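The block underneath contains the structure these notes are about, expressed in structure tokens.
Derivation of every value follows stated rules applied to the coordinates shown; laboratory data play no part. On a predicted model such as this, the values are computed, not experimentally measured, just so you know. Quick reminder, even Gly has a Cβ in these numbers, built from the backbone with ideal geometry, and neighbours come from all protein chains shown.
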Amino acid sequence: MASRSVFSRIAAATVAAGLAVTLAGCATASAGGSASTKAGDSALERVKEAGVLVVGTEGTYRPFSYHEGGAGDLTGYDVDVVTAVAEKLDLDVTFEETQWDGIFAGLEAGRFDIIANQVSINPEREEKYTLSKPYTVSPGVLIVAENNTDITSLEDLAGKTTAQSNTSNWYQVAEEAGANVEAVEGWAQAVELLEQGRIDATVNDKLTYLDYLKQKPDAGIKAVAETEEASLSAFALKKGSDDLVDVINGALDELREEGTLAEISEKYFGTDVSK
């Protein structure tokens, strides 16, 4: 099985390095899964012992992590990708839903092993966390009301008001453009404020915007510009989780080669957004 081969390669490297895994006396995992097991274990040892990958996600960020109809099962692009990764690693998966602005604190507190919620790769996050290889590639877009003719580029945001999640890449993009940024919990709040005319614009992921228009074609908003560089999104783990991210990257490679990532992309976006 491909999933066991990924673990086998890591195990062989561990033995070659002369490391030993002592399972005796390990603390029992909490009902949530592996994230709360013995602190001395490595990240990979914890999830292997528990047999569960505990995933932090919003559950309100369509089409990446959401409940169909607001109350259905948790679904979405990120949910499907991380579930496929867990299956490759022969692990069950448990989701812990939390608001975006508290999701990194939850990771650091050990509530979950990994964040699957369109975490954009940037230097600050690379410094603070262990990030996987990217599994989503998408530019950002500048979104305004349909009748707005004053804002046509990021440069036009100077002195204007936008709404952004204060820990997102888009917050920094808007701030660097000179906008007065109002912090919100996520896309749903930002677009609501925009539709109500309480802000001038918002910057967000193009895929989120396109999915929103698909759901609400009469929303009365439009995209007027794209960011110069595409955003690369990855799974985020606690700093030092190198052994766990290695097997996750191996699983992502296999899923990409098999065409599974492309299939999941087509399901949600009609095109391959994984590369």
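Would you work out the relative contact order for the chain, in percent, from Cα pairs under 8 angstrom that are 6 or more residues apart?
23 percent
Which percent, nearest 5, of DSSP beta bridges in the range 138-231 are antiparallel?
If I count the DSSP bridges inside the range 138-231, around 65 percent turn out antiparallel.
Charges only on Cβ, +1 for Lys and Arg, -1 for Asp and Glu: so what's the dipole of the chain about the Cα centre, in debye to the nearest 20?
620 debye
Going by the alpha-carbon gyration tensor, a ≥ b ≥ c the square roots of its eigenvalues, is the range 138-231 rounded (a/c under 1.5) or, if a/c is not under 1.5, prolate (a/b greater than b/c) versus oblate?
rounded
How far is helix 242-258 tilted, in degrees, relative to the longest principal axis of the Cα atoms in the chain, given as a value from 0 to 90 rounded to the nearest 10?
70 degrees
Could you list, in their original order, any pairs among Lys48/Lys238; Lys133/Lys239; Lys133/Lys214; Lys206/Lys275; Lys128/Lys222; Lys48/Lys239 whose Cα atoms are separated by more than 23 Å?
Over 23 Å Cα-Cα: Lys133/Lys214; Lys128/Lys222.
Which percentage, to the nearest 5, of the DSSP beta bridges contained in the chain is antiparallel?
Antiparallel bridges: around 65 percent, rounded to the nearest 5.
Considering the values [x] 0.99; [y] 1.01; [z] 0.93, which represents Rg/Rh (Cα atoms, Kirkwood Rh) as calculated for the structure under consideration?
[y]
Rounded to the nearest 0.05, what FRET efficiency is calculated for Ala183 and Glu266 with R0 set to 30 Å and r the Cβ-Cβ distance?
After rounding to 0.05, the efficiency reads 0.30.
Pick from Gln118, Gln164, Gln215: which is most flexible by mean-square fluctuation in a GNM of the chain where alpha carbon atoms under 10 Å apart are linked?
Gln215
Can you tell me the length gained on complete extension of the stretch Lys133 to Leu74, counting 0.36 nm per residue apart and subtracting the Cα distance?
Net length gain for the segment: 18.9 nm.
Angle, helix 206-215 long axis vs. longest principal axis of the chain, Cα atoms, 0 to 90°, nearest 10?
Here the helix axis deviates by roughly 70 degrees.
Please identify the trypsin sites (Lys or Arg not before Pro) of the range 113-162 that satisfy two criteria: DSSP loop assignment and at most 11 other Cβ atoms within 10 Å. Which are they?
Taking the range 113-162 and a limit of 11 other Cβ atoms within 10 Å, no loop trypsin sites (Lys or Arg not before Pro) are found.
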